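S.K.: Handing you this structure, nothing more for now.
Computed from the coordinates by the stated procedures, all read-outs in this text should not be read as laboratory data. Since the model is a prediction, treat every value here as computed from it, not as a measurement. For neighbour counting, all protein chains shown are included, and Cβ atoms are generated from backbone atoms with ideal geometry for every residue, glycine included.
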């Protein structure tokens, strides 16, 4: 089963800024994107929660979603800039 719908359901009611995730490729030009550091941070954060509550899980999922959306928006903005700069 794809992870996207599961994260979406888990994130319902979560606080999207409770947990901080790395910003892959921050400050770099280009359109490439990478999720490996974010996925590792998600796993490590989840494993570090001793007895996660439903709210902890919702917050973690919402924070991951927010970080992922910001990453995709940044990389998409780079793509737009590159496209507009192309004669």
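S.K.: Report the extension gain between residue 1 and residue 76 in nm, rounded to one decimal, defined as 0.36 nm multiplied by the number of residues separating them, less their alpha carbon distance.
M.R.: Working it through step by step, the gained length comes to 24.3 nm.
S.K.: In a GNM of the chain with a 10 Å cut-off on Cα contacts, which of 66, 26, 58 has the highest mean-square fluctuation?
M.R.: Between 66, 26, 58, it is 26 that shows the largest mean-square fluctuation.
S.K.: Rg(Cα) of the range 3-85 divided by 2.2 N^0.38 Å?
M.R.: 1.21
S.K.: Which one of 52, 16, 24 has the biggest mean-square fluctuation once the chain is modelled by GNM with Cα springs under 10 Å?
M.R.: Answer for the Gaussian network model of the chain: 52.
S.K.: With everything on Cα atoms, drop me the angle between helix 54-85 and the longest principal axis of the chain, reported from 0 to 90° to the nearest 10.
M.R.: So the helix axis and the longest Cα principal axis differ by about 0 degrees.
S.K.: Same structure again: With everything on Cα atoms, drop me the angle between helix 36-48 and the longest principal axis of the chain, reported from 0 to 90° to the nearest 10.
M.R.: In the chain, helix 36-48 runs at an angle near 10 degrees to the longest axis.
S.K.: Let me ask something else. Once you've got the GNM for the chain with C-alpha springs shorter than 10 Å, pick whichever of 21, 33, 64 has the biggest mean-square fluctuation.
M.R.: 33
S.K.: Sort 34, 74, 63 by Cβ crowding within 10 Å, fewest neighbours at the top. Write out the running numbers ahead of the final one.
M.R.: Values: 34 12, 74 17, 63 22.
Lowest count first: 34, 74, 63.
S.K.: Specify the inter-centroid distance of the range 3-21 and the range 56-87, based on alpha-carbon positions, in whole Å.
M.R.: Taking the Cα centre of each part, the range 3-21 and the range 56-87 sit 15 Å apart.
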